[in-house]
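Shown next, in structure tokens, is the structure this report addresses.
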Amino acid sequence: MKSPIRVAITGAAGQIGYALLFRIASGQMFGPEQPVILHMIEVPVEKAMQGLSGVAMELDDCAFPLLAGMVQTSDPRVGFKDVNWALLVGAKPRGPGMERADLLKDNGKIFIEQGKVIDAVAAHDCRVAVVGNPANTNAMIAASQFRRLKPENVSAMVRLDQNRAVTQLAKKANVATASVSDLFIFGNHSPTMFSAFHLAKINGKPVPEVIGHHEWLRGEFQETVGKRGAAIIAARGASSAASAANALVDHVRDMVTPGRVHSIAVKSNGLYGFDPDVWAGVPVRTTTPGSYEVIKDLPLDDFAKQKIAVTNKELTDERATVLPML
Ligand code: NAX
């Protein structure tokens, strides 16, 4: 048996946390041979910590062979101590009447603090995956605090958007989701994202050729994927949780599996027309566990360039809003 890795999860008593922890402990994220110690981090509020203790009791009751220990804490210095992965799920939700700029700033404070503490106390190889919204900008904020760890170690999740797009294409073409490949998300995890259908394939053939319905690909398809989160809230009365947890399992599993090709949001360094300092969804290939190379020079047509310009503008605006805090 391998020695255990330490995995921190913020927002562990939240709804994504509840759908996520059991899948990590069962081995779906890091594989059936890899024991894990879960560092479950919540806010220092009695209700949250009490809820967390209940989740920990349920984890105990699963008798997972791979679960080698649990830490329950509201102190980030304890929670992030020596962790190999930090999954930043917890964030402040947008309240009624709250401006987007205020949300950015409130979350900015959380991610500045967490970035600092991770840099100070986490393992030297720590990888960080951000889910809490606005995920791309929160990732940029956390990475801005790094002195010891590398900004490349921080990614934000656009995998839920990728998975949503794959299913919409599969349904339209009446094929299984496994027939769809090379569907990448460019830009922000927000309705401005671009689902790059022109690069995607169905059974190895270009999607525009197979589906043929260009208006749908440029219009309804983009909108359905971009606004799926709102559609789930309208239907369920709560935001996506199990599908978000599933996407994070996919995101991390692909990041630890060399050769996997998928989309994650990372520092753009100016690729694909993005501002160099924003964290944008781009296609990557995993090189060694936890490391990746961005797949460069995929062709962009005028429509793709225009969509990327819109999502880039949103990302640069978000960055400008929080920049004075960094
Ligand atoms: P919940 O409100 O159910 O849970 C969030 C939990 O985080 C709460 O228990 C809260 O106490 C905790 N928390 C807040 N600040 C914290 C901090 N500083 N340290 C530790 N814990 C903290 O929300 P949930 O539905 O689980 O969603 C979590 C986040 O994921 C939200 O920001 C949400 O917007 C975001 N999402 C991101 C998605 C993505 O694809 N990137 C999709 C799903 C989801 O909407």
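Quick one: would you say Arg100 is surrounded by fewer than 17 Cβ atoms within 10 Å (Cβ to Cβ) and at pLDDT below 95? Quick ask: steps written out before the conclusion?
Values: surrounded by fewer than 17 Cβ atoms within 10 Å (Cβ to Cβ): yes; at pLDDT below 95: yes.
Spelling it out, Arg100 is indeed surrounded by fewer than 17 Cβ atoms within 10 Å (Cβ to Cβ) and at pLDDT below 95.
Against the condition under 15 Å from Leu21 (Cβ atoms), open to solvent by 50 Å² or more (accessible area, probe 1.4 Å) and of a type in the set (Gly, Ala, Ser), how does Ala68 come out, does it pass? Give the steps one after another, and end with the answer.
Working: under 15 Å from Leu21 (Cβ atoms): yes; open to solvent by 50 Å² or more (accessible area, probe 1.4 Å): yes; of a type in the set (Gly, Ala, Ser): yes.
Considered against the rule, which asks whether it is under 15 Å from Leu21 (Cβ atoms), open to solvent by 50 Å² or more (accessible area, probe 1.4 Å) and of a type in the set (Gly, Ala, Ser), Ala68 comes out as yes.
Do the conditions hold for Arg285, that is, is it in the same structural domain as Ala200 (by TED's automatic domain parsing), closer than 19 Å to Ala19 by Cβ, open to solvent by 50 Å² or more (accessible area, probe 1.4 Å) and not in a loop (DSSP other than H, G, I, E, B)? Break it down into steps so the answer makes sense when it comes.
Working: in the same structural domain as Ala200 (by TED's automatic domain parsing): yes; closer than 19 Å to Ala19 by Cβ: no; open to solvent by 50 Å² or more (accessible area, probe 1.4 Å): yes; not in a loop (DSSP other than H, G, I, E, B): yes.
The answer is no for Arg285.
If you scan the range 4-57, which residues turn out to be near the ligand (Cβ under 8 Å from one of its atoms), within 18 Å of Ala241 (Cα to Cα) and free of Cβ contacts under 8 Å to residues at least 40 places away in the same chain?
Ala48, Gly51
Limited to the range 231-263, what total is found for residues that are closer than 19 Å to Thr192 by Cα, without any contact (Cβ under 8 Å) to a residue 12 or more places away in the chain and either within 12 Å of the ligand (Cβ to nearest atom) or open to solvent by 70 Å² or more (accessible area, probe 1.4 Å) (or both)?
Residues in the range 231-263 being closer than 19 Å to Thr192 by Cα, without any contact (Cβ under 8 Å) to a residue 12 or more places away in the chain and either within 12 Å of the ligand (Cβ to nearest atom) or open to solvent by 70 Å² or more (accessible area, probe 1.4 Å) (or both): 2 in total.
Considering (1) part of a helix (DSSP H, G or I); (2) of a type in the set (Asp, Glu); (3) closer than 19 Å to Leu326 by Cβ, say which one Asp277 fails and leave the rest.
(1)
If the requirement is being closer than 29 Å to Ala320 by Cα, in contact (Cβ under 8 Å) with a residue 40 or more places away in the chain, open to solvent by 20 Å² or more (accessible area, probe 1.4 Å) and not polar (S, T, N, Q), which of these qualifies: Ala156, Ala143, Ala120? Give the derivation first.
Values: Ala156 fails: open to solvent by 20 Å² or more (accessible area, probe 1.4 Å); Ala143 fails: open to solvent by 20 Å² or more (accessible area, probe 1.4 Å).
Among Ala156, Ala143, Ala120, only Ala120 is closer than 29 Å to Ala320 by Cα, in contact (Cβ under 8 Å) with a residue 40 or more places away in the chain, open to solvent by 20 Å² or more (accessible area, probe 1.4 Å) and not polar (S, T, N, Q).
Somewhere in the range 161-175, is a residue open to solvent by 30 Å² or more (accessible area, probe 1.4 Å) and in a strand (DSSP E or B)?
no
Would you mention how many residues in the range 124-133 are within 8 Å of the ligand (Cβ to nearest atom), modelled with pLDDT of 95 or more and open to solvent by 10 Å² or more (accessible area, probe 1.4 Å)? Reasoning before the result, please.
Taking the range 124-133 as the starting set, the residues that turn out to be within 8 Å of the ligand (Cβ to nearest atom) are 130-133.
Those left that are additionally modelled with pLDDT of 95 or more: 130-132.
Going one step further and asking which of them are open to solvent by 10 Å² or more (accessible area, probe 1.4 Å), we end up with 131.
Count: 1.
The values are calculated or read from the model by the stated rules, or taken from the named source; none is laboratory data. This structure is a prediction, so every number in the text was calculated from the model and none was measured. Positions of Cβ are backbone-derived with ideal geometry, glycine not excepted, and every protein chain shown enters the neighbour counts. Only protein heavy atoms, including side chains, enter the accessible area calculation; ligands, DNA and RNA are left aside. Shrake-Rupley method; radii C 1.70, N 1.55, O 1.52, S 1.80 Å.
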